[in-house]
1. How many of the residues making up the stretch 176-208 are open to solvent by 10 Å² or more (accessible area, probe 1.4 Å) and either in contact with a strand residue (DSSP E or B) (Cβ under 7 Å, 6 or more places away or on another chain) or over 25 Å from Lys440 (Cβ atoms) (or both)?
2. Would you mind telling me which numbered condition in (1) at pLDDT 90 or above; (2) buried (at least 20 other Cβ atoms within 10 Å of the Cβ) Phe249 fails?
3. Can you work out which of the residues in the stretch 80-123 that are open to solvent by 10 Å² or more (accessible area, probe 1.4 Å) and aromatic (Phe, Trp, Tyr) is nearest to Asp305 (Cα to Cα)?
4. For the stretch 165-178, give me each residue that is modelled with pLDDT under 90 and assigned to a helix (DSSP H, G or I).
5. I'm trying to understand the selection: among the residues of the stretch 142-164, which are part of a helix (DSSP H, G or I), out of contact with any Leu (no Cβ under 8 Å at 6 or more places or on another chain) and within 20 Å of Phe437 (Cα to Cα)?
6. Run down Glu61, Glu72 and say which single residue is within 21 Å of Ser375 (Cα to Cα), acidic (Asp, Glu) and crowded, with 18+ Cβ neighbours inside 10 Å.
7. So if I check each of Gly297, Gly270, Gly293, which one is in contact with a Gly (Cβ under 8 Å, 6 or more places away or on another chain) and at pLDDT 85 or above?
8. Which ones in the stretch 319-355 are closer than 14 Å to Cys22 by Cα, touching a helix residue (DSSP H, G or I) at 6+ places or on another chain (Cβ under 7 Å) and outside any helix (DSSP H, G or I)?
Amino acid sequence: MKKTLKMPHTYALLLILVAFACVMTYIIPAGIYDRENVDGRKQVVNDSYHHVAQQPVSPIEIFRAVPTGLVEAGEIVFYIFLVGGAFGIIHRTGAINAGVGAMMEKVGKKGNMLIPVTMIVFSILGFSIGLSEEAIVFVPIGILLAKALGYDAMVGTAMIILGSGIGFLGGMINLFTVGIAQKIAEIPLFSGIIFRTIVYLIVLLTGILYVLNYAKKVKKDKNHSLIAADMRAANDARFEEQIKGIEAFTLRHALILLCLAVAVIFNVYGIFKFEWFLMQMSANFLIMGIIAGLIGGLGLNGTFDALIEGMKDILYGAIIVGFARAIVLVLESGKIIDTIVHHMTAVIDHLPAVFSVIAMFVTQLFLNFFIPSGSGQAMTTMPIMVPVSDLLGVNRQLAVLAFQYGDAISNNIIPTSASLMGALAVARIPYTTWIKFVWKIVTIWAVICIGAMIIYMNI
């Protein structure tokens, strides 16, 4: 009996990387750059790299680095837990599911509005509250509405998954990706929001047009569908069963969504007006969650039960941050992180600046296959990419953009993305079929994002 090759669990892979970093402290020469404070942030001094005594890390530190990493990244870890808990309360009330479900049914009756409106709504949820895996629940609704309009399951799945993916790519106020990366880069939270918004709108427009074009072809001739004929005729009853749990939209749901919108707006205002960050926003989301739970009729005990349940759901992503931080801790303890930066810079420095930015983007694109958590990838890569950008004379914002775009684009195509694979499982769409559909738009988005980074570099 043949054994299939399985991708290691993300935690296992990260622990292997911690161990690998430990081994490297015995092999890579130790060295450091001098650093100076520039405009309130530490920045490496060019041409100051020098070797120091080798400081290999003991193998026991492989395991000690994980709890230490969790402690050092505590502000981010507990922000993820509290926000996850708050959204667990919102989820328990059924407000988001009922609201989005009602919206989709309403615009579905108008036919030609279903695809653009649905993609816009899910993209907003993507760049504001970081909607990802939660989008899976709406796939059956999308498929049934798409089929009712003469499309196929691919259209119903794409308008939801690509919609939320576009929001992640925009990332204007997404604290789980852009927020964490900018904190590590020591640049103002959500700085560059106007530029990100412009890129987001371009990507959104191309995404909508791409799905509309495919939908038009399928409606005109079912032979254009990538979904096999026998699959097109099946599964409708199963989809209908899956969406029965979605409640009818009520005034109570409307008040909860209003509460959520006010919390998001209030946090954004506080960020730009009072320079709030994770602690203040954690508190505000917690307040919002408690109020929403009480409005939703969960009661005090039910509200906190939902808070704990939400924290359980977000546990995977929160703990990844500690594992990711552990890798950097080992590299820093062994004094080899600056050596890695030095040699990376030496290679890239001879390239035109444009190719340096593209290299950073491609690196993030590739690494997301192994670390599909946006916050985990930020914690792993940004401590290296920030000094590289400093030494190359590249704006730190570009290092954040390279991470953000590389992470978001690849989420729509890599088989290690939990939200993508979950949606395809619900839709009964084979991964190879999805690749046939999505590779062109993913390529288009990659070109747009590279072009955007080149423009940003020049302005």
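1. Of the residues in that region, 12 qualify.
2. Only one criterion in (1) at pLDDT 90 or above; (2) buried (at least 20 other Cβ atoms within 10 Å of the Cβ) is unmet by Phe249, namely (1).
3. Phe87
4. Of everything in the stretch 165-178, those that are modelled with pLDDT under 90 and assigned to a helix (DSSP H, G or I) turn out to be Leu175, Phe176, Thr177.
5. Answer for the stretch 142-164, where residues must be part of a helix (DSSP H, G or I), out of contact with any Leu (no Cβ under 8 Å at 6 or more places or on another chain) and within 20 Å of Phe437 (Cα to Cα): Gly142, Ile143, Leu144, Lys147, Ala153, Val155, Ala158, Ile160, Leu162, Gly163.
6. After ruling out the rest, the residue left standing is Glu72.
7. Gly293
8. Selection gives Gly334, Ile336.
The values are calculated or read from the model by the stated rules, or taken from the named source; none is laboratory data. Source: prediction; values computed, not measured. Ideal geometry is used to build each Cβ from the backbone, glycine not excepted, and the neighbour counts take in all protein chains shown. Protein only, heavy atoms only, side chains kept; ligands, DNA and RNA dropped before computing areas. Shrake-Rupley method; radii C 1.70, N 1.55, O 1.52, S 1.80 Å.
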